[in-house]
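The structure under discussion appears below in the form of structure tokens.
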Amino acid sequence: MASLQKPDWVWYDGGIRPWEDATFHVSSEALVRGLNVFEGLKGYWQPDGRFGIVAVPRHHARLVRSARLLHIPFEETLEEFAAAHHELLARIVVPDRQAWVRATLYVEEGHWGRDTKSSLVLTAFTQPMGPPEATTVGVSAWRRSADSAMPYRVKTSSNYQVARLARIEGRPAGHGEMILLNAAGRVAEATGACVMAVRDGVIICPPASEGSLESITVDILITLAQDMGVEVQRRPLDHSELKIADEVGLCGTLAELTRVTAIDAYDIAEWSVLQRLQDRYLDAVTGQDPHPAADMHLAGG
Ligand code: PMP
């Protein structure tokens, strides 16, 4: 499993360092208050033999927004951010495997928002090639926080406490992911991905204001779907609609577009509109059939 990999190198303190050297003191804000913002980026081998990363400018921009909301300074420009990714990936990637990077801005120093100092760390891990494995999901008893309690738009570790609880809740039933509802009982997102449903040939995806991260993958998938002539509705999705949907998928940088085969006791038998969209997405990010929406950032490019 990717989370258990221990690669030799990380990007830390402005350059490539041995994995063991990337440490913070126990009294750092990052550890005491769990204070950080982060991104997960994914890269794919391209037909010309170069390694390409999906939508780097959009990930950089979201990290800037997350940092801004939480008053965390973030100095790296887009060019520096992209160069750091390729520098690290050059050490990590191996033939026949894709890779992903976790870019984390840790708060090293500061007290209640005063004199805040942050440090960007990149860790990269390899992943098998090929489409993501289908999964069953459950609907969690835990809820996505309201914007006023813990802003879900920002990617910060605190937002994943409830995600962890939901994953633990779903494990005895064998679920690979769990759906979080919002306070109104409508679909917010999954613990590490957004949710798409298909009803009568139309793709429905709840907007971020229903309680999800502002997903970069959702935006790419919507552009691809519309290019394929599929209608997409960005609107609230009731819990009951999810359970009677024809097709359900999970979308995210790492989830790509993952098929959901059952939600609790409800089988979701179909996978046709989203199968075509999954194929189109994977063709775009692997350069088999490039599309500007994937905005691939190539090594040396
Ligand atoms: N929601 C959550 C909670 C996530 O962790 C992710 C993965 N980053 C997503 C949605 C999907 O976002 P993106 O498409 O930008 O990866």
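The values are calculated or read from the model by the stated rules, or taken from the named source; none is laboratory data. None of these values were measured; they are calculated from a predicted model. Heads up, the Cβs are rebuilt from the backbone with ideal geometry, glycines too, and the neighbour counts pull from every protein chain shown.
Residues being more than 12 Å from the chain's Cα centre (by Cα) and not polar (S, T, N, Q) are entirely absent from the range 251-258. Only residues that are outside any helix (DSSP H, G or I), more than 19 Å from residue 242 (Cα to Cα) and at pLDDT 95 or above were counted in the range 153-178, giving 3.
When the range 218-246 is filtered for residues that are without any contact (Cβ under 8 Å) to a residue 40 or more places away in the chain and either on the phi > 0 side of the Ramachandran plot or under 23 Å from the mean Cα position of the chain (by Cα) (or both), the ones remaining, listed by number, are 218, 222, 226, 229, 232, 233, 234, 235.
Would you tally the residues in the range 27-58 being on the phi < 0 side of the Ramachandran plot, within 14 Å of the ligand (Cβ to nearest atom) and in a loop (DSSP other than H, G, I, E, B)?
Residues meeting the conditions: 1.
Taken over the range 244-279, the criterion of being buried (at least 18 other Cβ atoms within 10 Å of the Cβ), away from the ligand (no atom under 16 Å from the Cβ) and assigned to a helix (DSSP H, G or I) is satisfied by 273 alone.
Residues that are in contact with a strand residue (DSSP E or B) (Cβ under 7 Å, 6 or more places away or on another chain) and of a type in the set (Phe, Trp, Tyr) were ranked within the range 109-151; the one that is farthest from residue 261 (Cα to Cα) is 125. Which of the residues that make up the range 133-172 are surrounded by 13 or more Cβ atoms within 10 Å (Cβ to Cβ) and of a type in the set (A, V, I, L, M, F, W, C)? Residues satisfying the conditions are 134, 137, 139, 142, 146, 150, 154, 162, 163, 165, 166. For the range 172-186, the candidate set comprises residues that are of a type in the set (A, V, I, L, M) and out of contact with any helix residue (DSSP H, G or I) (no Cβ under 9 Å at 6 or more places or on another chain); within that set, the residue that is farthest from the ligand (Cβ to nearest atom) is 173.
Being touching a residue at least 24 places away in the same chain (Cβ under 8 Å), touching a strand residue (DSSP E or B) at 6+ places or on another chain (Cβ under 8 Å) and farther than 27 Å from residue 292 by Cα: is that true of residue 93 here?
Numbers: touching a residue at least 24 places away in the same chain (Cβ under 8 Å): yes; touching a strand residue (DSSP E or B) at 6+ places or on another chain (Cβ under 8 Å): yes; farther than 27 Å from residue 292 by Cα: no.
Judged against the criteria, residue 93 is not a match.
Yes/no matrix, rows are residues, columns are (1) within 16 Å of the ligand (Cβ to nearest atom); (2) within 14 Å of residue 43 (Cα to Cα); (3) small (Gly, Ala, Ser); (4) assigned to a helix (DSSP H, G or I):
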{"site": "60", "(1), (2), (3), (4)": "yes, no, no, yes"}
{"site": "63", "(1), (2), (3), (4)": "yes, no, no, yes"}
{"site": "68", "(1), (2), (3), (4)": "no, no, no, yes"}
{"site": "73", "(1), (2), (3), (4)": "no, no, no, no"}
{"site": "98", "(1), (2), (3), (4)": "yes, yes, no, no"}
{"site": "103", "(1), (2), (3), (4)": "yes, yes, yes, no"}
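Comparison of 214, 189, 169, 210 shows that the only residue that is out of contact with any helix residue (DSSP H, G or I) (no Cβ under 9 Å at 6 or more places or on another chain), under 16 Å from residue 151 (Cβ atoms) and either among the acidic types (Asp, Glu) or within 11 Å of the ligand (Cβ to nearest atom) (or both) is 210. The listed residues are 256, 270, 231, and the only one of them that is out of contact with any Pro (no Cβ under 7 Å at 6 or more places or on another chain), closer than 20 Å to residue 175 by Cβ and of a type outside the set (Phe, Trp, Tyr) turns out to be 270.
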